[in-house]
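Peer 1: Shown below is the structure under consideration.
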Amino acid sequence: EEAVIAYKETARIDSLVLGGQHPDHAYTLISLANAYTKLKKMDIAFDYFSKVNQLQLRLIRYYYSSFDETTRLTSFKQIQSEFEHFFSFALDQKETNSKILYQAQNLQLDIKSLALDFTIDNQATAITFQDSTLVDINEQYLALRKKLGSAYVLSEEERAQSDIELEDLEQEVE
(Lines give C-alpha, C1' and ligand atoms only; values in the text may rest on other atoms or scores of the structure.)
Protein backbone atom coordinates (compact mmCIF):
# COMPACT_ATOMS: atom_id res chain seq x y z
CA GLU A 1 0.00 0.00 0.00
CA GLU A 2 2.84 2.42 0.77
CA ALA A 3 4.38 1.78 -2.65
CA VAL A 4 1.06 2.58 -4.34
CA ILE A 5 0.85 5.90 -2.48
CA ALA A 6 4.43 6.78 -3.47
CA TYR A 7 3.89 5.77 -7.11
CA LYS A 8 0.64 7.73 -7.31
CA GLU A 9 2.40 10.82 -6.00
CA THR A 10 5.21 10.27 -8.49
CA ALA A 11 2.66 9.92 -11.31
CA ARG A 12 0.99 13.16 -10.21
CA ILE A 13 4.32 15.00 -10.18
CA ASP A 14 5.32 13.43 -13.52
CA SER A 15 2.11 14.72 -15.08
CA LEU A 16 2.58 18.21 -13.68
CA VAL A 17 6.27 18.61 -14.41
CA LEU A 18 6.97 16.36 -17.39
CA GLY A 19 3.52 15.88 -18.83
CA GLY A 20 1.51 12.72 -19.18
CA GLN A 21 3.22 11.78 -22.46
CA HIS A 22 6.79 11.69 -21.16
CA PRO A 23 8.67 8.35 -21.28
CA ASP A 24 9.44 8.53 -17.56
CA HIS A 25 5.71 8.74 -16.83
CA ALA A 26 5.28 5.36 -18.53
CA TYR A 27 7.76 3.80 -16.09
CA THR A 28 5.76 5.15 -13.17
CA LEU A 29 2.50 3.78 -14.60
CA ILE A 30 3.98 0.31 -15.10
CA SER A 31 5.19 0.40 -11.49
CA LEU A 32 1.66 1.24 -10.36
CA ALA A 33 0.22 -1.60 -12.43
CA ASN A 34 2.71 -4.04 -10.93
CA ALA A 35 2.06 -2.79 -7.40
CA TYR A 36 -1.70 -3.26 -7.79
CA THR A 37 -1.08 -6.74 -9.22
CA LYS A 38 0.88 -7.68 -6.10
CA LEU A 39 -1.97 -6.32 -3.98
CA LYS A 40 -4.40 -8.54 -6.00
CA LYS A 41 -6.36 -5.49 -7.14
CA MET A 42 -6.57 -6.79 -10.68
CA ASP A 43 -9.17 -4.38 -12.07
CA ILE A 44 -7.08 -1.38 -11.04
CA ALA A 45 -3.90 -3.06 -12.28
CA PHE A 46 -5.59 -3.71 -15.63
CA ASP A 47 -6.54 -0.03 -15.91
CA TYR A 48 -2.93 1.03 -15.35
CA PHE A 49 -1.60 -1.59 -17.78
CA SER A 50 -4.04 -0.29 -20.39
CA LYS A 51 -2.89 3.29 -19.83
CA VAL A 52 0.80 2.42 -20.04
CA ASN A 53 0.28 0.26 -23.14
CA GLN A 54 -1.43 3.12 -24.96
CA LEU A 55 1.26 5.56 -23.85
CA GLN A 56 4.05 3.23 -24.96
CA LEU A 57 2.44 2.72 -28.37
CA ARG A 58 2.20 6.47 -28.75
CA LEU A 59 5.82 6.91 -27.71
CA ILE A 60 6.94 4.21 -30.15
CA ARG A 61 5.07 5.90 -32.97
CA TYR A 62 6.05 9.50 -32.29
CA TYR A 63 9.02 9.66 -29.92
CA TYR A 64 11.21 6.63 -30.57
CA SER A 65 10.58 6.90 -34.31
CA SER A 66 12.76 10.01 -34.40
CA PHE A 67 15.79 8.02 -33.21
CA ASP A 68 18.40 6.43 -35.43
CA GLU A 69 17.97 2.69 -36.04
CA THR A 70 20.42 1.52 -33.34
CA THR A 71 19.03 3.79 -30.62
CA ARG A 72 15.46 2.89 -31.56
CA LEU A 73 16.18 -0.85 -31.30
CA THR A 74 17.88 -0.36 -27.93
CA SER A 75 14.85 1.60 -26.71
CA PHE A 76 12.44 -1.06 -27.97
CA LYS A 77 14.33 -3.73 -26.06
CA GLN A 78 14.01 -1.69 -22.88
CA ILE A 79 10.26 -1.17 -23.20
CA GLN A 80 9.65 -4.72 -24.36
CA SER A 81 9.96 -5.86 -20.73
CA GLU A 82 7.10 -3.51 -19.85
CA PHE A 83 4.91 -5.15 -22.46
CA GLU A 84 5.99 -8.54 -21.10
CA HIS A 85 4.62 -7.56 -17.68
CA PHE A 86 1.25 -6.98 -19.31
CA PHE A 87 1.38 -10.22 -21.31
CA SER A 88 2.13 -12.20 -18.12
CA PHE A 89 -0.67 -10.37 -16.35
CA ALA A 90 -3.04 -11.17 -19.24
CA LEU A 91 -2.22 -14.87 -19.13
CA ASP A 92 -2.77 -14.95 -15.38
CA GLN A 93 -6.13 -13.17 -15.76
CA LYS A 94 -7.52 -15.03 -18.77
CA GLU A 95 -9.95 -17.05 -16.64
CA THR A 96 -11.49 -14.02 -14.93
CA ASN A 97 -11.28 -11.51 -17.80
CA SER A 98 -12.26 -13.04 -21.12
CA LYS A 99 -11.35 -9.92 -23.11
CA ILE A 100 -7.82 -9.56 -21.80
CA LEU A 101 -6.23 -12.03 -24.20
CA TYR A 102 -7.95 -10.23 -27.06
CA GLN A 103 -6.36 -6.98 -25.87
CA ALA A 104 -2.96 -8.67 -25.54
CA GLN A 105 -3.21 -9.99 -29.11
CA ASN A 106 -4.19 -6.56 -30.41
CA LEU A 107 -1.25 -5.02 -28.57
CA GLN A 108 1.13 -7.48 -30.22
CA LEU A 109 -0.36 -6.64 -33.63
CA ASP A 110 0.01 -2.91 -32.94
CA ILE A 111 3.67 -3.37 -31.98
CA LYS A 112 4.37 -5.44 -35.10
CA SER A 113 2.56 -2.90 -37.26
CA LEU A 114 4.72 -0.08 -35.90
CA ALA A 115 7.87 -2.12 -36.48
CA LEU A 116 6.76 -2.71 -40.07
CA ASP A 117 6.06 1.01 -40.52
CA PHE A 118 9.64 1.78 -39.43
CA THR A 119 11.03 -0.76 -41.87
CA ILE A 120 9.00 0.77 -44.71
CA ASP A 121 10.08 4.28 -43.65
CA ASN A 122 13.74 3.25 -43.68
CA GLN A 123 13.39 1.64 -47.10
CA ALA A 124 11.67 4.75 -48.46
CA THR A 125 14.39 7.07 -47.19
CA ALA A 126 17.05 4.78 -48.62
CA ILE A 127 15.70 5.36 -52.12
CA THR A 128 17.62 7.99 -54.02
CA PHE A 129 15.19 10.61 -55.15
CA GLN A 130 15.66 12.10 -58.60
CA ASP A 131 13.12 14.84 -58.00
CA SER A 132 14.39 17.71 -55.81
CA THR A 133 10.81 18.40 -54.64
CA LEU A 134 10.57 14.89 -53.20
CA VAL A 135 13.94 15.31 -51.52
CA ASP A 136 12.73 18.55 -49.91
CA ILE A 137 9.46 16.96 -48.77
CA ASN A 138 11.33 14.00 -47.27
CA GLU A 139 13.76 16.30 -45.44
CA GLN A 140 10.86 18.36 -44.04
CA TYR A 141 9.12 15.20 -42.89
CA LEU A 142 12.26 13.88 -41.16
CA ALA A 143 12.83 17.25 -39.49
CA LEU A 144 9.23 17.28 -38.25
CA ARG A 145 9.59 13.75 -36.82
CA LYS A 146 12.78 14.83 -35.06
CA LYS A 147 11.05 17.93 -33.64
CA LEU A 148 8.19 15.75 -32.36
CA GLY A 149 10.60 13.30 -30.78
CA SER A 150 12.40 16.14 -29.03
CA ALA A 151 9.11 17.63 -27.83
CA TYR A 152 8.21 14.44 -25.96
CA VAL A 153 11.02 14.89 -23.45
CA LEU A 154 10.30 18.56 -22.77
CA SER A 155 8.42 19.44 -19.62
CA GLU A 156 4.90 20.83 -19.89
CA GLU A 157 6.32 24.25 -19.03
CA GLU A 158 9.02 24.06 -21.70
CA ARG A 159 6.45 23.01 -24.31
CA ALA A 160 4.19 25.89 -23.30
CA GLN A 161 7.06 28.39 -23.49
CA SER A 162 7.99 27.08 -26.93
CA ASP A 163 4.33 27.02 -28.00
CA ILE A 164 4.56 23.31 -28.85
CA GLU A 165 1.43 21.16 -28.88
CA LEU A 166 2.19 17.44 -29.10
CA GLU A 167 -1.16 16.61 -30.66
CA ASP A 168 -0.65 19.20 -33.39
CA LEU A 169 2.81 17.86 -34.21
CA GLU A 170 1.47 14.29 -34.25
CA GLN A 171 -1.21 15.36 -36.74
CA GLU A 172 1.42 16.97 -38.97
CA VAL A 173 3.51 13.78 -38.93
CA GLU A 174 0.48 11.73 -39.94
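The values are calculated or read from the model by the stated rules, or taken from the named source; none is laboratory data. Just so we're clear, the structure is a prediction, and the values are computed from it rather than from any experiment. Reconstructed Cβ throughout: ideal geometry from the backbone, glycine too, with neighbour counts over all protein chains shown. What goes into the accessible areas is simple: the full protein's heavy atoms, side chains included, and nothing from ligands, DNA or RNA. Shrake-Rupley method; radii C 1.70, N 1.55, O 1.52, S 1.80 Å.
Peer 1: ASP14 - would you say it is open to solvent by less than 60 Å² (accessible area, probe 1.4 Å) and charged (D, E, K, R)?
Peer 2: Against the criterion (open to solvent by less than 60 Å² (accessible area, probe 1.4 Å) and charged (D, E, K, R)), ASP14 qualifies.
Peer 1: Quickly run through the stretch 40-50 and pick out the residues that are in contact (Cβ under 8 Å) with a residue 40 or more places away in the chain, open to solvent by 20 Å² or more (accessible area, probe 1.4 Å) and aromatic (Phe, Trp, Tyr).
Peer 2: Passing the criteria: only PHE46.
Peer 1: Pull out all pairs, ordered by first then second residue, where Cβ-Cβ is under 9 Å, the residues are six or more apart or on different chains, the first lies in the stretch 13-39 and is of a type in the set (Lys, Arg), and the second is open to solvent by 20 Å² or more (accessible area, probe 1.4 Å).
Peer 2: That search, which allows pairs on different chains as well, returns LYS38/ALA3.
Peer 1: Does at least one position in the stretch 72-94 carry a residue that is open to solvent by less than 60 Å² (accessible area, probe 1.4 Å), touching a residue at least 60 places away in the same chain (Cβ under 8 Å) and not hydrophobic (A, V, I, L, M, F, W, C)?
Peer 2: no
Peer 1: Name the pairs: first residue in the stretch 147-168 and at pLDDT 75 or above and assigned to a helix (DSSP H, G or I), second residue among the polar types (S, T, N, Q) and open to solvent by less than 80 Å² (accessible area, probe 1.4 Å), Cβ to Cβ under 6 Å, at least 6 apart or on different chains?
Peer 2: Here the result reads LEU166/GLN21, each pair linking the stretch 147-168 to a residue that is among the polar types (S, T, N, Q) and open to solvent by less than 80 Å² (accessible area, probe 1.4 Å).
Peer 1: Could you pull out the residue among SER31, SER98, SER88 that is modelled with pLDDT under 90, of a type in the set (Gly, Ala, Ser), on the phi < 0 side of the Ramachandran plot and out of contact with any Cys (no Cβ under 7 Å at 6 or more places or on another chain)?
Peer 2: SER98
Peer 1: Considering the stretch 51-71 alone, what residues qualify as being over 18 Å from VAL173 (Cα atoms) and buried (at least 16 other Cβ atoms within 10 Å of the Cβ)?
Peer 2: Of everything in the stretch 51-71, those that are over 18 Å from VAL173 (Cα atoms) and buried (at least 16 other Cβ atoms within 10 Å of the Cβ) turn out to be LYS51, VAL52, ASN53.
Peer 1: Mind listing just one residue for me: the one in the stretch 17-29 that is open to solvent by 10 Å² or more (accessible area, probe 1.4 Å), of a type in the set (A, V, I, L, M, F, W, C) and touching an Asp or Glu at 6+ places or on another chain (Cβ under 8 Å) and, of those, nearest to VAL153 (Cα to Cα)?
Peer 2: LEU18
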